[in-house]
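Have a look at the structure below before the remarks.
The values are calculated or read from the model by the stated rules, or taken from the named source; none is laboratory data. Since we're looking at a predicted model, the values are computed, not measured. When we count neighbours, we look across all protein chains shown, and the Cβ atoms used for this are built from the backbone with ideal geometry, even at glycine.
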There are 2 protein chains.
Amino acid sequence: MFSKPTLLLSEEICRANIEFMLAKALRLGIELRPHFKTHQSIEIGRWFRDYGIGKIAVSSVPMAQYFASDGWNDITVAFPYVYQQADEVNALAKSINLQVLVSSLGNAKLLSKSIKNRVNVYIEIDTGQYRSGLQAEDFDTIDKTIEVILSNPNTNFYGFLSHAGHSYNNHLNKITQINTEVTSKLNQLKNNYIKQFPSLKISYGDTPTSWTCEQFDGIDELRPGNYTFFDMQQASNGICSTSNIAIALVCPVVAVYPERSRAIIWGGAVHLTKDFYTDNDGNKSFGAVCKLNPDYTWTKPIEGMYLESISQEHGVVRAKNCEAIKSLREGDLIAVLPPHSCLTADKMGGFWVQEKRFIPMMKS
Amino acid sequence: MFSKPTLLLSEEICRANIEFMLAKALRLGIELRPHFKTHQSIEIGRWFRDYGIGKIAVSSVPMAQYFASDGWNDITVAFPYVYQQADEVNALAKSINLQVLVSSLGNAKLLSKSIKNRVNVYIEIDTGQYRSGLQAEDFDTIDKTIEVILSNPNTNFYGFLSHAGHSYNNHLNKITQINTEVTSKLNQLKNNYIKQFPSLKISYGDTPTSWTCEQFDGIDELRPGNYTFFDMQQASNGICSTSNIAIALVCPVVAVYPERSRAIIWGGAVHLTKDFYTDNDGNKSFGAVCKLNPDYTWTKPIEGMYLESISQEHGVVRAKNCEAIKSLREGDLIAVLPPHSCLTADKMGGFWVQEKRFIPMMKS
């Protein structure tokens, strides 16, 4: 069993994360629309359904089709409208409540030109990430974009959606400030348009803000995804604890070099991808190293040990000294907590729950 | 066609790369054992066979099984021996000429303990990458490792293998120096052991050194892989030209922001992975942006335009000014040359040759 790099999932940790976030949303009286891009799995989607969740976000039209095939009937595609996928969007819009995004005036024009069945349309707002979306202050372009949306009777202007992706690169102590800035911008927009569009909705909420903040006045729904699994980027920023991380990559140890305080594992960029985080000691790390328990759970990260570099199939484990690296031996299996769980899961294509059961993901 | 991020392959460029490298090896009188980890495809493997190539390297036992299933019968697994895969290695060793690596004394002991059918065994030597392998000067450990290999009659000590992976991070003007240092170390080893083992082989040769250097005295075979497709890391280091790059990711343009000199494409970390290179202007770039021609070939990279950042599905294209970004429009398809072709290919799982034919890769 596990003779090659294999992704383990703790159903217990994952369900605890799902429950915690839902309980918080219920307490705050705010709708929760979890983003399913992190797990991309019908089976894990059903775990959310077990707690009564009925509305989801995804990051592509194929992902919307995949989840619609399992009965999800209220889906937001939280990615700018892709003109080349008009046929697929029109087909989906026939059978489910579909929300799509327009992220520029030109993007809205292509939507308006190509949509034949009813969809709800959010205007995406850039609130500081400097990625996609109109600027919150650019009322002129927002007005023109709304006009384009209204020109097609099948595209229903639904509100404003934003992803404060810059929260991912910040430590816990800055998250509240980011949340205040972003929700303030979104509320200014809401106040400006609510008279004209009384049912206007504001969709917002990445994992760092949704998990840690308490103040979401004026926000209609939260859309976090990463919290399903969490990862070392979130843990190293203080958003979660390492005990919240629900996935780990099992890797064989193939060579140990005490004189260099290093060891080599089979586990590299084709498994973990090349994202990284900065650990407590200031090291750039491609993963945290844990012992694998006989029951396929894993320990806390081994202190002072981290994945120093990765290439296609190799991972280089660095320890603080030659004695420390000797706790690993050739032939061992270890568990690596990934820097970025969304990318590692997407790469691995599925999850093992202990050695008993494989949970597949959508085929990309 | 191509309504989502899609990996295109130019058979013409790829075959030209295959032919160039083989012609050079023949001219130098050195054996070529191309590394198939870059393409991981039975069909592309057959293109090599068209030119008479019969020996290959791979980076994992599953990859060896995959190519053995298409009749390749001389394969080097250029990765430290994985004890957990002993059964698979023993099975392969029955049917093909199999070379494996040991990369530490402990690694050799596990090999010796678990091999039941004849395999050829290289000792991996670290020649400056500081990844896996014994130090070239550590004769004591090398002697002990040879002893362990000789203790099992089925493990045939075959020679020394090295990967000078540090050549990948260096510009062309340093490659000759690296090659001289590395080949000199390997020749010292060879001279030290050749009397005792007259048929000792030295296997070496990454893409930067194999493609650009001329002096390989004492080296028995070259093992480059990346040259099959090349990529922007190699082009930006001056190893190849962008016209040598054989794969490009087709991406829909979804939003254009002239006021920010930026555009958003559907093409992100789940397609390109998160490797990067430094472009001629000193920018950190996640890909070079080209126009896609109607016949599904692509232009040279657009000057001053590059992929500034990527997240899961988004790519952010940066242009030098607002006029320049206007050459892209929502609804366009563009072609992105990847920073690291091995990782992008591995992620995408296959290649389109124009819009006519899909070439699958091994399922990982």
| query | Going by the conditions given, is residue B:130 in the same structural domain as residue B:209 (by TED's automatic domain parsing), part of a strand (DSSP E or B) and hydroxyl-bearing (Ser, Thr, Tyr)? | reply | no
| message | Restricting to the range B:138-190, and then to whatever is part of a loop (DSSP other than H, G, I, E, B) and free of Cβ contacts under 8 Å to residues at least 24 places away in the same chain, can you tell me which residue is surrounded by the most Cβ atoms within 10 Å (Cβ to Cβ)? | response | B:138
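Please tell me if residue B:206 is charged (D, E, K, R), within 14 Å of chain A (Cβ to nearest Cβ), buried (at least 24 other Cβ atoms within 10 Å of the Cβ) and under 19 Å from residue B:340 (Cα atoms).
When the stated conditions are applied, residue B:206 passes them.
Considering B:225, B:218, which residue is modelled with pLDDT of 95 or more, of a type in the set (Gly, Ala, Ser) and surrounded by fewer than 20 Cβ atoms within 10 Å (Cβ to Cβ)?
Step by step, each of B:225, B:218 is checked, and only B:218 is modelled with pLDDT of 95 or more, of a type in the set (Gly, Ala, Ser) and surrounded by fewer than 20 Cβ atoms within 10 Å (Cβ to Cβ).
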| Residue among A:174, A:190 that is charged (D, E, K, R) and farther than 14 Å from residue A:239 by Cβ | A:190
| remark: Contact list, first residue from the range B:311-324 and without any contact (Cβ under 8 Å) to a residue 60 or more places away in the chain and within 7 Å of chain A (Cβ to nearest Cβ), second anywhere and not hydrophobic (A, V, I, L, M, F, W, C) and not in a loop (DSSP other than H, G, I, E, B), beta-carbon distance below 6 Å, six or more apart or interchain, is B:316/B:262; B:316/B:308; B:316/B:309
| Pair list, Cβ under 6 Å, 6 or more apart: the range A:93-112 residue within 14 Å of chain B (Cβ to nearest Cβ), other residue of a type in the set (D, E, K, R) and buried (at least 24 other Cβ atoms within 10 Å of the Cβ) | A:101/A:124; A:103/A:124; A:106/B:330; A:107/B:330; A:110/B:330
| Subset tally (residues that are in contact with a strand residue (DSSP E or B) (Cβ under 7 Å, 6 or more places away or on another chain) and outside any loop (DSSP other than H, G, I, E, B)) for the range B:288-309 | 15
| request: Please enumerate the residues belonging to the range A:55-91 that are over 19 Å from residue B:255 (Cα atoms), in contact with a helix residue (DSSP H, G or I) (Cβ under 6 Å, 6 or more places away or on another chain) and assigned to a strand (DSSP E or B). | output: A:75
| message | Any residue at all in the range B:248-269 that's of a type in the set (Phe, Trp, Tyr), in a strand (DSSP E or B) and touching an Asp or Glu at 6+ places or on another chain (Cβ under 7 Å)? | response | yes
| request: Can you give me the number of residues within the range A:306-315 that are under 14 Å from residue A:280 (Cα atoms) and touching a Leu at 6+ places or on another chain (Cβ under 8 Å)? | output: 1
| query | Which residue, of B:49, B:33, is out of contact with any helix residue (DSSP H, G or I) (no Cβ under 7 Å at 6 or more places or on another chain), within 30 Å of residue B:352 (Cβ to Cβ), away from chain A (no Cβ under 12 Å) and surrounded by 24 or more Cβ atoms within 10 Å (Cβ to Cβ)? | reply | B:33
| query | Of the residues in the range A:1-30, how many are within 14 Å of chain B (Cβ to nearest Cβ) and not hydrophobic (A, V, I, L, M, F, W, C)? | reply | 4
| message | I'd like to know if the range B:310-321 contains one or more residues that are closer than 22 Å to residue B:234 by Cα and acidic (Asp, Glu). | response | no
| note | Note on residue A:63: of the conditions (1) within 14 Å of chain B (Cβ to nearest Cβ); (2) buried (at least 24 other Cβ atoms within 10 Å of the Cβ); (3) not hydroxyl-bearing (Ser, Thr, Tyr), unmet is (2)
| Which members of the range A:169-199 meet the condition of being within 25 Å of the chain's Cα centre (by Cα) and closer than 18 Å to residue A:133 by Cα? | A:178, A:179, A:181, A:182, A:183, A:184, A:185, A:186, A:187
| note | Across (1) over 22 Å from residue B:37 (Cβ atoms); (2) at the interface with another protein chain (Cβ under 10 Å from one of its Cβ atoms); (3) in contact with a Phe, Trp or Tyr (Cβ under 8 Å, 6 or more places away or on another chain), residue A:289 clears everything bar (2)
| note | Within the range A:320-347, the residues that are buried (at least 24 other Cβ atoms within 10 Å of the Cβ), in a helix (DSSP H, G or I) and in contact with a strand residue (DSSP E or B) (Cβ under 7 Å, 6 or more places away or on another chain) are A:341, A:345
| note | Note on the range B:316-334: residues within 30 Å of residue A:58 (Cβ to Cβ), of a type outside the set (Asp, Glu) and touching a Ser or Thr at 6+ places or on another chain (Cβ under 8 Å) are B:316, B:318, B:319, B:325
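Residue by residue, here is whether (1) more than 20 Å from the chain's Cα centre (by Cα); (2) buried (at least 23 other Cβ atoms within 10 Å of the Cβ) holds:
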site: A:80; (1), (2): no, yes
site: A:86; (1), (2): yes, no
site: A:91; (1), (2): yes, no
site: A:100; (1), (2): no, yes
site: A:104; (1), (2): yes, yes
site: A:112; (1), (2): yes, no
site: A:116; (1), (2): yes, no
site: A:121; (1), (2): yes, yes
| Residues B:52, B:106: which one is assigned by TED's automatic domain parsing to the domain that holds residue B:22 and part of a helix (DSSP H, G or I)? | B:106
| query | (1) surrounded by fewer than 21 Cβ atoms within 10 Å (Cβ to Cβ); (2) at pLDDT 95 or above: which one isn't true of residue B:130, the others all being true? | reply | (2)
